[in-house]
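These notes are about the structure you will find just below.
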Amino acid sequence: MKVTAANGLAAPAHGMTRDPSGAIWFNVNPSKGGLGKLDTKTDRIEVFIPPEGMAPTGGATTVDYDGRGMIWVSSPTGALRFDPAAERFTEYKSPTPKSANGGIGLTYGVAADRDGNGYWAQMAIDTVGIGDGKYGTAKELKLPPVDAARARLSPQDIAFYEANGAPDFSNPAPYAQGPRRMAPTRTTTCSMWAIPGPARSPRSTRAPRRPAQSRCRRCASPITWRSTRITTPGSTSG
């Protein structure tokens with residue numbers, strides 16, 4: 001199975017999810033970044049492209065569904081929500097597209113909660129975007145630096161990183177939390193976990209990866225150790 005791109009080759013894709021009906025949703029780029037749906041009962045693929053003037057799907061694209069049947073997907077400038085019944089996209093833009101020192105705020109992972117809200121990670125600038133599914137507005141959560149990691153740096157190192165933003169969307173400062181993948185717990189508490197990227201040394205671009213994910217013992221949804229937990233509006237932590 002494939003979607004054919006404008007050049008006749010298979011269109012590239014990156015992330016996918018399976019909704020409760022069994023349909024597979026995935027990002028795909030035949031000419032502009034869009035959203036694909038695979039009906040697993042018929043093997044039929046449909047492709048939906050955001051309208052002119054709206055951001056494409058993109059970034060390090062991931063896909064998720066919310067508790068109200070909407071599909072959320074990364075875009076370079078935030079996230080898109082797709083209504084399968086109306087076949088309509090809604091765009092959510094990151095309030096901070098770039099940090100004050102020039103760090104790139106491109107989206108990495110995306111996830112959604114049971115109440116119809118979406119979340120996206122801006123890894124390089126230590127920010128999580130939050131899309132309000134009811135009102136169509138966007139806000140953000142700024143993550144604090146990791147003090148222990150910052151304390152290991154020299155004043156010269158700190159001055160360098162504060163003066164120079166991250167050069168790409170997946171290379172945060174060594175003392176940043178670096179939210180990367182977003183994972184919903186899908187429990188009644190409706191919390192989110194922002195999964196950090198690999199730890200980095202200030203003088204090295206390579207370091208061993210942290211263990212990626214574990215599973216919630218109550219609901220078997222992916223969670224992670226030593227992550228930033230985000231309790232969604234109107235929910236309680238548990």
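Things to note:
- Note on A86 and I24: their simple-model spin labels are 2.9 nm apart, each label 7 Å out from Cα toward Cβ.
- Stretching the chain fully between D157 and K32 yields a gain of 41.0 nm (0.36 nm per residue, less the alpha carbon separation).
- Of the cross-linked pairs K2/K32; K98/K134; K98/K139, those separated by over 19 Å at the C-alpha level are K98/K134.
- Projected-area mean, the stretch 113-161, by convex hull of Cα positions, square nanometres: 4.4 nm²
- Exposure proxy order (Cβ contacts within 10 Å, fewest to most) of S154, S74: S154, S74
- Part-to-part distance (alpha-carbon centres) for the stretch 97-123 and the stretch 1-79, which is given in Å: 18 Å
- Label-point gap, in nm, between A6 and A148 - each point 7 angstrom along Cα→Cβ: 5.0 nm
- FRET efficiency for M16 and K93, using Cβ-Cβ distance with R0 set to 22 Å, rounded to 0.05: 0.40
- Using the Karplus relation 6.51 cos²θ - 1.76 cosθ + 1.60 with θ = phi - 60°, the per-residue 3J(HN,Hα) values for the stretch 118-133 come to x, 9, 9, 9, 9, 4, 6, 10, 6, 9, 10, x, 10, x, 7, x Hz, with x marking Gly and Pro.
Taken together, the values in this text are just the output of simple stated rules run on the coordinates, not laboratory data. Everything quoted here is computed from the prediction, not taken from an experiment. Here Cβ is always computed from backbone atoms with ideal geometry, including for glycine, and neighbour counts include all displayed protein chains.
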